[in-house]
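**Student:** Could you have a look at this structure, given as structure tokens, before my questions?
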Amino acid sequence: MIIVPGINSQELAYRVSKLIGCKLLRTEFKRFPDGELYIRVLDNEAIKDEDVIFIQSQRNQNDAVVESILMSDILRDEGAKSITLVAPYLAYTRQDKKFNPGEPISIRVLAKVYSQLFDKVITINPHETHIKSFFEVPFICGSAVKELARYVKDKLNNPVVLSPDTGAVELAREAAEVINCEYDYLEKTRISPTEIRIAPKNLDVKNREVLIVDDIVSTGGTVATATKMLMEQGADKVMVACVHPVLIGDALNKLYTSGVSEVIGTDTFPSPVSKVSVDKVIVELIEK
Ligand code: R5P
């Protein structure tokens, strides 16, 4: 087995290669003056007859998709025995259905492309798991929530874990199991045309320390609004753990000024809050 890093995942690819004890190939990435990508595997003679794992986080969505397509061509041409795409953050998963007529199902068409080019696709906490049905090759999903929960476990007193909505309640359950505490989801209630209340469906947060768990924190709007309301309801502290810290623009500032005491993310792609590595989760999924 050999590991090939994508431009976004050089550190993660190194960590995975060390854990597995296999060779990490040298690659070259450039951009042509007109913006097109150029990639090259420098250790190309090492590819023949190997099971190749290409690790490429897709945070810079469009470039990462093109890089993955180009890389599959190199690896197939150089005689790889099998090619696995490991996309710790898989792009376009949020357009997993038509929300309006005339839209594409973006991840469905990309799944079709990946199924032609790769023998297996691995990812971590995709936004929706039903996207598995779009793939014609094995599509393996893991979760990094337990790793996040282990990291925060000793930082919380009298904790409760909350998900921002019902969709992520399974992530809250997973974290609560590690922390050994209660969990719930936040419910939005419209009080008047201009007023909403966000509160846990069943639990009271008064004098408790809260961990909000979500798959993605993007603009930070969801969690910042929830945090303000939880503090008003008497929570002692609010921490945030997310698998994919997309954190667009001033998202981190928005979170801290809303009252969040700490934001913890993983290294599905590098970010200022990537304090927990998904390296071991990826190794488990590769070895499955
Ligand atoms: C939504 O279903 C996701 O799980 C996240 O809650 C959402 O993407 C967060 O977005 P934002 O940070 O922009 O509020």
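**Student:** Which of the following residues is more than 24 Å from ALA91 (Cα to Cα) and either within 10 Å of the ligand (Cβ to nearest atom) or assigned to a strand (DSSP E or B) (or both): TYR185, TYR256?
**Tutor:** Details: TYR256 fails: either within 10 Å of the ligand (Cβ to nearest atom) or assigned to a strand (DSSP E or B) (or both).
Going through TYR185, TYR256 in turn, the sole match is TYR185.
**Student:** For residues that are closer than 21 Å to LEU285 by Cα and either of a type in the set (Asp, Glu) or open to solvent by 70 Å² or more (accessible area, probe 1.4 Å) (or both), tally how many sit in the stretch 60-87.
**Tutor:** 1
**Student:** Another one. Could you tell me which numbered condition ALA241 fails, if it satisfies all but one of (1) touching a residue at least 40 places away in the same chain (Cβ under 8 Å); (2) more than 10 Å from the ligand (Cβ to nearest atom); (3) surrounded by fewer than 22 Cβ atoms within 10 Å (Cβ to Cβ)?
**Tutor:** The number of the failed condition is (3).
**Student:** Determine whether the stretch 279-287 contains at least one residue that is open to solvent by less than 20 Å² (accessible area, probe 1.4 Å), more than 16 Å from the ligand (Cβ to nearest atom) and of a type in the set (D, E, K, R). Let's see the steps before the verdict.
**Tutor:** Filtering the stretch 279-287 down to residues open to solvent by less than 20 Å² (accessible area, probe 1.4 Å) leaves 279, 281-283, 285-286.
Restricting the remaining residues to those that are more than 16 Å from the ligand (Cβ to nearest atom) gives 279, 281-283, 285-286.
Add one more test, that the residue is of a type in the set (D, E, K, R), and what stays is 279.
Yes, the stretch 279-287 contains at least one residue that is open to solvent by less than 20 Å² (accessible area, probe 1.4 Å), more than 16 Å from the ligand (Cβ to nearest atom) and of a type in the set (D, E, K, R).
**Student:** Only one residue in LYS280, LYS288, LYS275, LYS237 is touching a Phe, Trp or Tyr at 6+ places or on another chain (Cβ under 8 Å) and charged (D, E, K, R). Which one?
**Tutor:** Numbers: LYS280 fails: touching a Phe, Trp or Tyr at 6+ places or on another chain (Cβ under 8 Å); LYS288 fails: touching a Phe, Trp or Tyr at 6+ places or on another chain (Cβ under 8 Å); LYS237 fails: touching a Phe, Trp or Tyr at 6+ places or on another chain (Cβ under 8 Å).
So the residue among LYS280, LYS288, LYS275, LYS237 that is touching a Phe, Trp or Tyr at 6+ places or on another chain (Cβ under 8 Å) and charged (D, E, K, R) is LYS275.
**Student:** Of all the residues that make up the stretch 200-217, how many are acidic (Asp, Glu) and open to solvent by 30 Å² or more (accessible area, probe 1.4 Å)? Give the derivation first.
**Tutor:** From the stretch 200-217, those acidic (Asp, Glu) are 204, 209, 214-215; that's our starting set.
From the residues that got through so far, the ones that are open to solvent by 30 Å² or more (accessible area, probe 1.4 Å) too are 204.
Residues that pass the stated criteria total 1.
**Student:** Suppose we keep only residues that are under 18 Å from the mean Cα position of the chain (by Cα) and part of a helix (DSSP H, G or I) within the stretch 222-253. Which one would you say is nearest to VAL161 (Cα to Cα)?
**Tutor:** Among them, the one singled out is VAL223.
**Student:** Can I ask one more? Could you pull out the residue among SER72, SER57, SER68 that is in a loop (DSSP other than H, G, I, E, B), within 16 Å of PRO5 (Cβ to Cβ) and in contact with a strand residue (DSSP E or B) (Cβ under 9 Å, 6 or more places away or on another chain)? Before you say what the answer is, go through the steps one by one.
**Tutor:** Values: SER72 fails: in a loop (DSSP other than H, G, I, E, B); SER68 fails: in a loop (DSSP other than H, G, I, E, B).
Step by step, each of SER72, SER57, SER68 is checked, and only SER57 is in a loop (DSSP other than H, G, I, E, B), within 16 Å of PRO5 (Cβ to Cβ) and in contact with a strand residue (DSSP E or B) (Cβ under 9 Å, 6 or more places away or on another chain).
**Student:** To continue, here is another question. From the residues in the stretch 202-237 that are within 16 Å of the ligand (Cβ to nearest atom) and among the charged types (D, E, K, R), which one is nearest to ALA172 (Cα to Cα)?
**Tutor:** Step by step, filter the stretch 202-237, then rank; the result is ASP214.
**Student:** Let me ask another. Return only the number of the condition from (1) open to solvent by less than 10 Å² (accessible area, probe 1.4 Å); (2) in a strand (DSSP E or B) that ARG197 does not satisfy.
**Tutor:** Answer for ARG197: the failing condition is (1).
**Student:** Looking for something within 23 Å of ARG173 (Cα to Cα) and of a type in the set (Asp, Glu) - is there at least one such residue anywhere in the stretch 194-201?
**Tutor:** No; the residues of the stretch 194-201 include none that is within 23 Å of ARG173 (Cα to Cα) and of a type in the set (Asp, Glu).
The values are calculated or read from the model by the stated rules, or taken from the named source; none is laboratory data. All values reported here derive from a predicted model rather than from experimental measurement. All Cβ positions, glycine included, derive from the backbone under ideal geometry; neighbour counts span all protein chains shown. Only protein heavy atoms, including side chains, enter the accessible area calculation; ligands, DNA and RNA are left aside. Shrake-Rupley method; radii C 1.70, N 1.55, O 1.52, S 1.80 Å.
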